[in-house]
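Worksheet for the structure shown next.
The values are calculated or read from the model by the stated rules, or taken from the named source; none is laboratory data. Note that the structure is predicted; figures quoted are calculated from it, not measured. Neighbour counts run over all protein chains shown; Cβ positions are idealised from the backbone, glycine included.
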Amino acid sequence: MASGVTVNDEVIKVFNEMKVRKYQEKVNLRKKAVLFRLSDDMKKIIVEEEKEILQGDIGETVEDPYSCFVKMLPPKDCRYALYDATYETKESKKEDLVFIFWAPDGAPLKSKMIYASSKDAIKKKLTGIKHEWQVNGLEDIEDRSTLAEKLGGNTVVSLEGKPI
């Protein structure tokens, strides 16, 4: 069932910037992770202010971007997220965007329902995403091996420079 929620143009702009990250001149300004939320009137999916990790933050203010990303997720409400995963398989180094639907068990039922029914609206706008992950609690996302499994199963040997 579609919710009638629309996707703000800023969400598409952020996604396109992340997708073509290799061509951006200002590497420090590239987004590593970003959260999207429903607007207060529940009619649009928007970029959540102050909820992003920039490439330039890594090493300066952010030691481990994955742990920092997990801490950005609200414990009692839903979100959509894009995470630019850097990982290594037995063969090569890779970077892939992961679309994450965060619906923690503690979120209100109404929030879970509207986020779930609006997911297709945002997914249709994010063309070319190879990895999608629905997460229902911190225990599912805190262990980076769960994300590694989504990215390539047992061929992934490290994520964000940390061994699996």
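A few remarks follow.
- Any hit, the stretch 45-56, residues being in a helix (DSSP H, G or I), over 30 Å from T155 (Cα atoms) and at pLDDT 95 or above: no
- Which listed residue, of Y83, Y115, Y87, is among the aromatic types (F, W, Y) and either out of contact with any helix residue (DSSP H, G or I) (no Cβ under 7 Å at 6 or more places or on another chain) or more than 19 Å from D140 (Cα to Cα) (or both): Y115
- With respect to the conditions (1) within 26 Å of I46 (Cα to Cα); (2) out of contact with any helix residue (DSSP H, G or I) (no Cβ under 6 Å at 6 or more places or on another chain); (3) not basic (K, R), S158 lacks only one, and its number is (1).
- Sole residue being touching a Cys at 6+ places or on another chain (Cβ under 8 Å), aromatic (F, W, Y) and either surrounded by 14 or more Cβ atoms within 10 Å (Cβ to Cβ) or in contact (Cβ under 8 Å) with a residue 60 or more places away in the chain (or both), chosen from W102, W133: W102
- Matching residues in the stretch 58-68 - criterion: being over 20 Å from S145 (Cβ atoms) and surrounded by fewer than 18 Cβ atoms within 10 Å (Cβ to Cβ): G59, E60, T61
- Scanning the stretch 69-84 for residues that are outside any strand (DSSP E or B) and surrounded by 17 or more Cβ atoms within 10 Å (Cβ to Cβ) yields F69, V70, M72, L73, D77, C78.
- In the stretch 86-99, the residues that are part of a strand (DSSP E or B) and either more than 10 Å from V157 (Cα to Cα) or free of Cβ contacts under 8 Å to residues at least 24 places away in the same chain (or both): T86, K93, K94, E95, D96, L97, V98, F99
- Summed over the stretch 132-161, residues that are out of contact with any Asp or Glu (no Cβ under 6 Å at 6 or more places or on another chain) and assigned to a strand (DSSP E or B) total 6.
- Pairs where the first residue, in the stretch 9-20, is closer than 10 Å to K125 by Cβ and at pLDDT 90 or above and the second is of a type outside the set (S, T, N, Q) and part of a helix (DSSP H, G or I), C-beta under 8 Å, 6+ apart: V11/I122; V11/K125; I12/K125; F15/K125
- Of the candidates Y115, Y87, the single residue that is buried (at least 19 other Cβ atoms within 10 Å of the Cβ) and more than 22 Å from V5 (Cα to Cα) is Y87.
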